[in-house]
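J.: My questions will all concern the structure given below.
Just so it is clear, none of the values below were taken in a lab; they were calculated from the coordinates. Worth saying up front: this structure is predicted, and the values here are computed from it rather than measured. Don't worry about glycine lacking a Cβ; one is built from the backbone with ideal geometry, like all the others, and counts go over all protein chains shown.
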Amino acid sequence: MRHGESTFNVQRRVQGHCDQSNLTETGQAGATQVGIALKDLSFAAAYGSPLQRAKQTAELALAELSQPPKLQLRDTLKEINLSEWEGLTFEEVEQQYPEKYRCWNDRPHELTMGTADGTELYPLIELYEQARQFWRSVLPHHPNQTILVVAHSGINRCLIGTALGLGTEQYGSLYQSNCGISVLNFSGGLGELVQLESMNLTGHLGQPLPTPRKNCGIRMLLVRHGETDWNRDKRFQGQIDVPLNAQGEVQAQQVAEFLKSVPIDRAITSPMLRPKQTAEAILQSHPELTLEQEPQLQEISHGLWEGKLEEEIEQGYPGLLKQWQDAPETVQMPEGENLQQVWERATAAWEAIVSSTPMGSDRPTTVLIVAHDAVNKAILCHVVGQSPEHFWTFKQGNGAVSVIDYRQDGYRQDDYKQDDYRQDVTGKPMLKAMNITTHLGGVLDKTAAGAL
């Protein structure tokens, strides 16, 4: 999680390694709310940045747990070192360092900073290595355990990025709100399979969705359909048109209630029954909208696997199911699709929707898209610049909501309020939140883990 709102956040000053910033009353309240949201979880350990805004956040959150672990402070969790800028307002940085400021906004991985001995460092590249050092030092001590990590916006992005195999060029595609919660599931050490279960949950703060920036032109709400009997049974459904089951209908209503107060300007669904039923439930609170159907958003075709359980697939196609689990990008479904085909049609449909949606002015134009597990995974990978071999990176629970923002062309400095930095580049999407299932109960995703 990221620390709570700080004095420098409010004053719009660069924080970095600087330890002159502490929590505001809002930041303290947010830290307590995080602890309340996490109180039913058991943590084997807690790690935090030694900078006071993060340390105080961790202490307040841990105080709400029934059996809190001792907080261990690690320098590898400190925020990015922007030594030349720390303590300055963003306006002052832009005036005094215009070229470097532009580089930070457009190509943060290329930004250099001078040091006391006259050498030049690359702050973001250094931060990525710092994140790797943290994971390498901590993960071996906690197999099959849950740990809490409390740090900062920049280092948290790097922790998530290094875990998922994202490069420094993708740094600006991820977002971290004050007191936002993200959940990573490691199968082993750094470099082994990692799943991002959820990212930047803010519902515990009374904010169902992260607040869009003033310069956000389009907000995409990507939803997975509710549960089906075949999800529950772990039966591969693919393009067989299975409807929602009773639990799926409940989930659809829960998503509808969750998004009831969110302005929605356009709604698009896969034409298959399960997403269409989910979308129709959501639009009961938005009766002015016409539901569009996009055939290219239908689920992956599993071909001859469809309708079968995993044990039946293994019996009929020995070894192919494990190949799907280990290297999904190499699998051609018998008489069905491969992931590259799904990637091409799903991302083309996504980009066509974005390009055909007008930018909002006083608020972002908000588009609801309801689709499927494999299609949503492909879109999310596309948003952060990943390819089919990273298919299993993103979890998509039944009834889950993800938020992707697109920035308007052009911006003003005063468009930015409490964000530490401005890394989002015109035309590039930012994943603001991923796999929100808190409306279905709790911080962790407890929806069906069935087949696609």
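J.: With just the Cα atoms defining each centre, how far is region 309-326 from region 1-64? Give it in Å.
T.: 45 Å
J.: Fewest to most neighbouring Cβ within 10 Å: what's the order for 141, 17?
T.: On the way: 141 10, 17 15.
Ordered from fewest to most neighbouring Cβ atoms within 10 Å, 141, 17 come out as 141, 17.
J.: Now a separate question. So for each of 94-101, 301-308 I average, over its residues, the number of other beta carbons within 10 Å; can you give me the resulting order with the highest mean first? Spell out each step's value before the answer.
T.: Values: 94-101: 13.8, 301-308: 19.4.
Result, highest mean first: 301-308, 94-101.
J.: Across region 429-435, in residue order, what do the Karplus-derived ³J(HN,Hα) couplings come to in whole Hz, using 6.51 cos²θ - 1.76 cosθ + 1.60 with θ = phi - 60° and x for Gly and Pro?
T.: Computed from phi, the couplings for region 429-435 are x, 10, 7, 8, 7, 9, 6 Hz.
J.: From the P(r) of region 26-84, could you give the percentage of C-alpha pairs in the tail past 16 Å? Don't skip to the answer; put the middle values down first.
T.: Values: 766 of 1711 pairs.
In whole percent, the share of Cα-Cα pairs in region 26-84 beyond 16 Å is 45.
J.: Rounded to the nearest 500, what is the 222 nm mean residue ellipticity of the chain from helices alone, with -39500 (n - 2.57) per DSSP H run of 4+ residues and division by all residues? Spell out each step's value before the answer.
T.: Values: 14 runs with 144 residues, N = 452.
Estimated from H runs of four or more residues: -9500 deg cm²/dmol.
J.: For 390, 142, 439, what ranking results if the residue with the fewest other Cβ atoms within 10 Å of its Cβ goes first? Kindly include the intermediate steps, with their values, before the conclusion.
T.: Values: 390 20, 142 14, 439 17.
Lowest count first: 142, 439, 390.
J.: For the chain, find the longest principal axis of its Cα atoms and tell me its angle to the long axis of helix 339-355, 0 to 90°, nearest 10.
T.: Once rounded, the angle reads 70 degrees.
J.: Can you pull the one-decimal nm distance between simple spin-label points at residue 45 and residue 136, each 7 Å off the Cα toward Cβ?
T.: Modelled inter-label distance: 1.6 nm.
J.: For region 216-440: lysine pairs with Cα atoms under 26 Å, gap of 8 or more or different chains, count?
T.: Summing the qualifying lysine pairs gives 25.
J.: Something else now. So for region 1-108, if I pair up every lysine 8 or more residues apart or on another chain, how many of those pairs have alpha-carbons under 24 Å apart? Don't skip to the end; give the middle numbers.
T.: Working: 39/55; 39/70; 55/70; 55/78; 70/78; 78/100.
Close lysine pairs under the 24 Å cut-off: 6.
J.: Which ordering of 262, 384 is given by a fewest-first count of other beta-carbon atoms within 10 Å?
T.: 262, 384
J.: In terms of modelled amide H atoms, which long-range or inter-chain residues lie less than 5 Å from the amide H of residue 370?
T.: 223, 268, 269, 270
J.: Per-residue HN-Hα couplings for region 267-281, Karplus 6.51 cos²θ - 1.76 cosθ + 1.60 at θ = phi - 60°, whole Hz, x for Gly and Pro?
T.: Using θ = phi - 60°, the values come out as 9, 9, 9, 4, x, 6, 4, 5, x, 5, 5, 5, 5, 5, 5 Hz.
J.: Near the amide H of residue 146, under 5 Å away, which other amide H atoms are found, from residues 5 or more places off or on another chain, if H is placed in the peptide plane?
T.: Close amide H contacts, sequence-distant or interchain: 44.
J.: For residue 333, what residues show an amide H to amide H distance below 5 Å, using hydrogens built from the backbone and excluding near sequence neighbours?
T.: 338
J.: For all pairs of alpha-carbon atoms in region 216-440, what percent lies in each bin of width 10 Å, listed from the first bin to the last filled one?
T.: Histogram of Cα-Cα distances, whole percents per bin: 8, 33, 35, 18, 6, 1, 0.
J.: Relative to the longest principal Cα axis of the chain, at what angle does helix 123-138 sit, 0 to 90 degrees, rounded to 10?
T.: Roughly 70 degrees, rounded to the nearest 10.
J.: Counting other Cβ atoms within 10 Å, keep those with at most 12, restrict to DSSP loop, and tell me which GluC sites (Glu not before Pro) in region 197-293 are left. Provide the component values of the computation, followed by the final result.
T.: Working: sites: 197, 227, 249, 257, 280, 288, 292; in loops: 227, 288.
When the GluC sites (Glu not before Pro) of region 197-293 are filtered for loop state and at most 12 Cβ neighbours within 10 Å, 288 remain.
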